[in-house]
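First up is the structure itself, then whatever we jot down about it.
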Amino acid sequence: MQLDFVIVHSLQKTGGKVGARLELSDEALDPTDSDVIDLITELNDRYRTKNQSYGTFDAGADSTKFHDELQVHLTVADEPSFITFSCNTAGELRTQMDGIPAAKGGYLVFASYTDQRNYISVFIVRDTKGLLFKKKGASFALNKIDHIDFEKMSMACRINKNLFAEKSGRYLSFINKKSDVTSLYFTRWIAAKDVETNEEDTKNLYTLFKTLPLPVDEEGKEQDRDTFLNTVYKHILSSPQKQVSVTGLSKTYYDDENFLNDEIERAGLSINTEFKAHPASLRRFSQIRAKAKGIELNFPQNLYRTVVKLNENDRNQIIINSAELAAEVAKLANE
């Protein structure tokens, strides 16, 4: 991991009461300090295990201060502009949560870094054990005691800087707890627009499974790729309302609930942690296998009725519209 800028602010508020107190840092932390690197590495790793949603900034939101301040910083991309971006947006968050009794505060960790891709992230950390933030001079410094425990990371977001600059795809991701009041004010603060594209998620999941290492059976042998894809297809098809859980698939087929999230990160794909499978895209996982009179067909189910179909006038005939396949058959038949 390569750190550019890191800064910590304290936004304290007691749950069940109104009134929030913001204490800002005037200086960024040293990005070469090993403890600071460990901090952001751990937060980023923990973030990947959370229930994420992907989307964009909502230009029609009541407040777009976060988006506007981020744009200003990325135009300049230096430490002073990063500090200004963090201070101004932290002030906006304090204003938004000040009168919400259910809202709780915490330490706001702003970080600009590279971990396979270029990101800017904001993490809200509460009730940490083994790691304390202590005001030291003009900034909140790290006071590392025994170990780092970030199970209490409550909210976070991450922006892919390259995609954001290009205004391409779903450049924003964030921890999504739709029924949580805390989550709602956080997503309002960053003006997140939850873009639920089940079709894109299903297609990206298929792309991921086409390149993943194959699970092994009890004898240590890899499964056949098409067989495995068909197994995943049946698993999703049998789930209530065809709901996909990335962590559930990861645990079921790789015995590690974080494996798929790590592979998604490496591949640079945007896949909501939970989504409803898109029926047409899901059929890519399934194979149609048929064998009769020495002839065997094996093709993805989504090609049925497009590339491979039954002749409507004679159901005993199969039509395959593929110039490439026809040429291959002719070649092998020496015609």
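Since every read-out is calculated from the coordinates, none of them should be taken as a lab result. Just so it is clear, the structure is predicted and the values come from calculations on it, not from any experiment. Positions of Cβ are generated from backbone atoms using ideal geometry, with glycine treated the same way; all protein chains shown enter the neighbour counts.
Given a cut-off of under 8 Å on Cα pairs at least six residues apart, what relative contact order in percent is computed for the stretch 283-332? Each step should come with its number before you reach the end.
Details: 47 pairs, mean separation 11.6, N = 50.
Dividing the mean separation by the residue count of the stretch 283-332 yields 23 percent.
Ranking request for peptides 241-247, 204-210: highest mean number of other beta-carbon atoms within 10 Å first, then the rest in descending order.
Numbers: 241-247: 16.6, 204-210: 18.3.
Listed from highest to lowest mean packing, they are 204-210, 241-247.
Couplings 3J(HN,Hα) of the stretch 215-225, computed from phi: x, 10, 7, 5, 8, x, 9, 5, 6, 5, 4 Hz, in residue order, whole Hz [Karplus 6.51 cos²θ - 1.76 cosθ + 1.60, θ = phi - 60°; x for Gly and Pro]. The convex hull drawn around the Cα atoms of the stretch 147-297, when projected onto a plane and averaged over every direction, covers 13.2 nm². Rounded to the nearest 20 debye, the dipole magnitude of the chain is 1120 debye, with +1 charges on Lys and Arg beta carbons, -1 on Asp and Glu beta carbons, and the Cα centre as origin. Between amide H atoms placed 1.01 Å from N, distances below 5 Å from Phe5 occur with Ser112, all of them 5 or more places distant or on a separate chain. Between Ser34 and Asn51, the distance separating the two model label sites (each 7 Å from Cα on the Cα→Cβ line) works out to 3.8 nm.
When only Cα pairs below 8 angstrom with a gap of at least 6 residues are kept, the stretch 1-139 shows a relative contact order of 41 percent.
Of the peptides 50-61, 102-113, the order by per-residue mean of other Cβ atoms within 10 Å, starting with the highest, comes out as 102-113, 50-61. Compared with the alpha-carbon gap, the fully stretched path from Tyr185 to Leu310 is longer by 39.5 nm at 0.36 nm per residue. Under the criterion of Cα pairs below 8 Å and six or more residues apart, the relative contact order for the chain equals 18 percent.
Compactness ratio of the chain: Cα Rg over 2.2 N^0.38 Å, N = residue count?
On the way: Rg = 24.9 Å, N = 335, 2.2 N^0.38 = 20.0 Å.
Ratio of Rg to 2.2 N^0.38 Å for the chain: 1.24.
Please go through the residue pairs Lys210/Lys242; Lys13/Lys167; Lys50/Lys104 and name each one whose alpha carbons sit more than 24 Å apart in this structure. Pairs exceeding the cut-off: Lys13/Lys167. When the Cα positions of Gln71, Leu260, Phe285 are compared along the charge dipole of the chain, Phe285 comes out farthest toward the positive end, with charges on each C-beta of Lys, Arg, Asp and Glu. As a calculated quantity, the FRET efficiency between Glu23 and Ala267 at R0 = 45 Å, using C-beta atoms, amounts to about 0.70. Rounded to the nearest 20 debye, the dipole size of the stretch 198-276 about its Cα centre is 340 debye, using +1 on the Cβ of Lys and Arg and -1 on the Cβ of Asp and Glu. Working from label points 7 Å from Cα in the Cα-to-Cβ sense, the Leu297 to Thr227 distance is 2.3 nm.
Across the options Ser25, Val329, Val232, the greatest Cα extent toward the positive end of the charge dipole of the chain (unit charges at beta carbon of Lys, Arg, Asp, Glu) belongs to Val232. Report note on the peptides 297-305, 212-220: ranked by the mean count of other C-beta atoms within 10 Å, highest first, their order is 297-305, 212-220.
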